[in-house]
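Working notes, structure below.
The values are calculated or read from the model by the stated rules, or taken from the named source; none is laboratory data. Note that the coordinates shown come from a computational prediction; the quantities given were computed from them, not determined experimentally. Virtual Cβ from ideal backbone geometry, glycine too; neighbours counted across all protein chains shown. Calculation scope for accessible area: heavy atoms of the full protein, side chains included, ligands and nucleic acids excluded. Shrake-Rupley method; radii C 1.70, N 1.55, O 1.52, S 1.80 Å.
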Amino acid sequence: MYGWLFRHLPGPLWVRVLLSAVLIAAAVLALMEYVFPWIAESSFLPSFTDSTIGGS
Amino acid sequence: MAIQVAGELLITLGLVLALFVAWQLWWTNLESNQAQQEAIHTLFDDFDLPTDPPEPASAPQDYGDPVVLPPSDREGETFGVVYIPRFGADYSAPVTTGVGTAVLDRLGLGHYPATAMPGAVGNFAVAGHRQTHGKALDPIHTLVPGDHIYVQTADGYYDYVYRNTQIVMPDRVDVLAAVPTEPAAVPSERFLTLTSCNPRFGSAERIIAYAVMDSWQPLNAGPPPAIAAAVAANASGGR
């Protein structure tokens, strides 16, 4: 899958390496900024960081 | 082919899960620390700090009964800064009204709205994360009786002395009482109560740290020597 993607990126080898790095960075940033906060917010994961008394 | 794709997807899933751990234990701290710095700087812009801090008094002075902020009911309003030298000479964290995730996940310490304001007779109770989101109270178990916990507001510096720690179940709301754990008692002292989760990477219990106010001084008297450097750092960062 990733091999197929890499072969279908345009340009010479160094461009494709650079493009891959940019795509990976974009994916990581999207996860960090949007996906993970949403997962933590939607609370189907048990919180292990609740620091309040009385469950507020 | 299908097996190769499935394998690559599983490897990706593993990496994403590892990344989630990195996000929770590391990234959230970066975001929260930055938000806390901004909150402190915004608050300091409103503080009427003496431009020329007076020499620290050689002997403790008595400034009478502390001036106390009016109760804040505006959720999300930052009204004070807490300094705990035991946590580090430059440790400071903003205190914001409310203990919902909107406050605690971004702004360090949250003030239980129904409890007293800093310096007031009763219980000034504050919650903070022990891990993730800035982990404002991570070293709470390192406090030693006699340690000072300073609270700075627009009115002055309140000097609380740490007394003891208690580990309780999460439903023990009586630790927030005006006299902690004595809901029926009428308070005559000025308490400070910190609540955080326990154990360090879990939330099965709560760790509670109690302190009692020892003295206070107005802003124009300058900061107590133990936190002068941290206050100066906050003040210069705000310009």
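Observations
- Contact with the other protein chains removes 50 Å² or more of accessible area, compared with the isolated chain and a 1.4 Å probe, from these residues of region A:1-25: A:Met1, A:Tyr2.
- B:Ala232/A:Val28 FRET efficiency (R0 35 Å; Cβ-Cβ; nearest 0.05): 0.40
- Helix-only CD estimate at 222 nm, as mean residue ellipticity for chain A, using -39500 (n - 2.57) per DSSP H run (n ≥ 4): -16500 deg cm²/dmol
- Distant-in-sequence amide H partners of B:Asn198 (H built 1.01 Å from N, under 5 Å): B:Ala204, B:Glu205, B:Arg206, B:Ile207
- Order of exposure, largest accessible area first, which applies to A:Tyr2, B:Tyr63, B:Tyr162 with probe 1.4 Å: A:Tyr2, B:Tyr63, B:Tyr162
- Antiparallel bridges, percent of DSSP beta bridges restricted to the protein assembly as shown (to nearest 5): 80 percent
- For region B:226-235, Karplus couplings with θ = phi - 60° (6.51, -1.76, 1.60), whole Hz, Gly/Pro x: 5, 10, 4, 5, 5, 5, 4, 5, 5, 5
- Only protein heavy atoms count here; under a 1.4 Å probe, B:His148 has an accessible surface of about 70 Å².
- Selection from B:Ser215, B:Thr51, B:Gln36, by position along the positive dipole direction of region B:32-237 (Cβ): B:Gln36
- Two numbers describe the Cα atoms of chain B: Rg and Dmax, which are 20.0, 80 Å.
- Among beta bridges from DSSP that stay inside region B:32-237, the antiparallel ones total about 80%.
- Rolled with a 1.4 Å probe across the full set of protein chains, the surface gives A:Phe6 an accessible area near 70 Å².
- In this view, the solvent-accessible surface of B:Glu75, computed with a 1.4 Å probe and all protein chains in place, comes to about 120 Å².
- Computed with a 1.4 Å probe over protein heavy atoms only, the accessible surface of the protein assembly as shown comes to 51 Å² per residue.
- Residues with amide H under 5 Å from that of B:Asn123, placed H, sequence gap 5 or more: B:Ala116, B:Phe191
- Interface size B-A, as summed buried accessible area [1.4 Å probe, Å², nearest 100]: 2400 Å²
- Rounded to the nearest 500, the 222 nm mean residue ellipticity of chain B from helices alone is -7500 deg cm²/dmol, with -39,500 (n - 2.57) taken per DSSP H run of at least 4 residues.
- Residue of B:Leu104, B:Leu69, B:Leu17 that the Gaussian network model of chain B assigns the largest fluctuation, springs spanning Cα pairs under 10 Å: B:Leu17
- Percent accessible area from carbon and sulfur atoms, chain B, protein chains only, probe 1.4 Å: 58 percent
- Accessible-area ranking of A:Met32, B:Met169, largest first, probe 1.4 Å: B:Met169, A:Met32
- Of the residues B:Ile208, B:Ile3, the one with the largest accessible area comes first in the ranking B:Ile3, B:Ile208, computed with a 1.4 Å probe on protein heavy atoms.
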